[in-house]
Each structure stands twice: as C-alpha cells, then as structure tokens.
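A.B. asks: Please read through the structure below; I'll follow up with questions.
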Amino acid sequence: VQLQASGGGLVQAGGSLRLSCVGSGDAIAKYLMGWFRQAPGKEREFVATISRSGGSKYYADFVEGRFTISRDNAKNTVYLQMNTLEREDTAVYYCAADRFARTGSASQNEYRSWGQGTLVTVSS
C-alpha cells in the first residue's frame, strides 16, 4: 500500500490540527495503521496506532488524551486529530502501515509501508 499524509501546517500553541493519511494500491482495512513523528534533531518516535477494525487504539504517553487516532476503511483513510498542541509537538508526522504487525505495535520496525510525512509546526 502507498500512503499519502496531509494536514500539517503552522498552528499556535493550544490549537488543533487533523492529519489525514490516504492509502492507495490496496485496502487499508487489511493493515495495522500508525502515526509516528520526528522532531528536529531527534529520532522518530511512536505517536499512536489503531487496529484493523478500529476497535483498539494505543497512544504514546506524551499524548495524554490530546490526540485521537481513527480510521475510515471505506475511504481508505486514517486520521490523527491533535488538540491542545504544544511547541514540543513540532515535528514531521508520518503515517505507517503493515499487514502483519501486532495489534498495538509501537515499533517502527514492524511497519513496512510509510508515507512521506507532513510537517506540523506549533508556535508559542
């Protein structure tokens, strides 16, 4: 599956953004989907993942209830709603997918398909 992420941009601290990731070439319903991010000068890290049906969702501790991952398999799209954004959330956000990854996986190594990334910049 090929992935195309969008929705990034410049937002003030405390604001919201919704990222989208559209799949093509295959039905994402077969795939575990995840979001990762890479801040300037830092390694890429796990943000959230959602099971194939959408019934199970897992988040990094730093999300603290601010972000919500969801999916619409009919639209071949996964979303990341981000609220109460902080400067520390500034990063390139990547969506990822894998047909065989374990539900709840936060390991980048288990995701074999990656989108190109979308930049989120949070200003104070």
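A.B. asks: Please state the equivalent ellipsoid semi-axes for the chain: what are the square roots of 5 times the Cα gyration tensor eigenvalues, largest first, in whole Å? Don't skip to the end; give the middle numbers.
C.D. replies: Details: eigenvalues 101, 39, 36 Å².
For the chain, the semi-axes come out at 22, 14, 13 Å.
A.B. asks: Rounded to a whole number, what % of the accessible area of the chain do carbon and sulfur atoms account for, probe 1.4 Å?
C.D. replies: Details: 2760 of 6070 Å².
Answer for the chain is 45 percent, counting heavy atoms of protein chains only.
A.B. asks: With a 1.4 Å probe and every protein chain left in place, work out the accessible area per residue of the range 9-124 in Å², rounded to a whole number. Write down the numbers at each step before the final one.
C.D. replies: Values: 5680 Å² over 116 residues.
I get 49 Å² per residue for this part.
A.B. asks: Kindly rank 87-94, 32-39, 2-9 from highest to lowest mean number of other beta carbons found within 10 Å of each residue.
C.D. replies: Numbers: 87-94: 18.5, 32-39: 22.8, 2-9: 16.6.
Those peptides, ordered most packed to least, come out 32-39, 87-94, 2-9.
A.B. asks: Does the range 60-124 classify as rounded, prolate or oblate by the C-alpha gyration tensor (a ≥ b ≥ c root eigenvalues; a/c under 1.5 gives rounded; else a/b over b/c gives prolate, otherwise oblate)?
C.D. replies: Numbers: a/c = 1.72, a/b = 1.64, b/c = 1.05.
The shape class here is prolate.
A.B. asks: Calculate, in nm to one decimal, what residue 62 and residue 109 gain on full extension: separation in residues at 0.36 nm each, minus their alpha carbon distance. Let's see the in-between values first.
C.D. replies: Details: separation 47, 0.36 × 47 = 16.92 nm, distance 2.07 nm.
This chain segment gains 14.9 nm when fully extended.
A.B. asks: Over the range 11-83, what portion of Cα pair distances is larger than 21 Å, expressed as a whole percent? Walk me through the numbers on the way to the answer.
C.D. replies: Working: 722 of 2628 pairs.
Roughly 27 percent, once rounded to a whole number.
The values are calculated or read from the model by the stated rules, or taken from the named source; none is laboratory data. Quick caveat, the model's predicted, so the values are computed rather than measured. Every residue, glycine among them, receives a Cβ derived from its backbone with ideal geometry; neighbour counts consider all protein chains shown. Note: accessible area is taken over every heavy atom of the protein model, side chains too, but ligands, DNA and RNA are not part of it. Shrake-Rupley method; radii C 1.70, N 1.55, O 1.52, S 1.80 Å.
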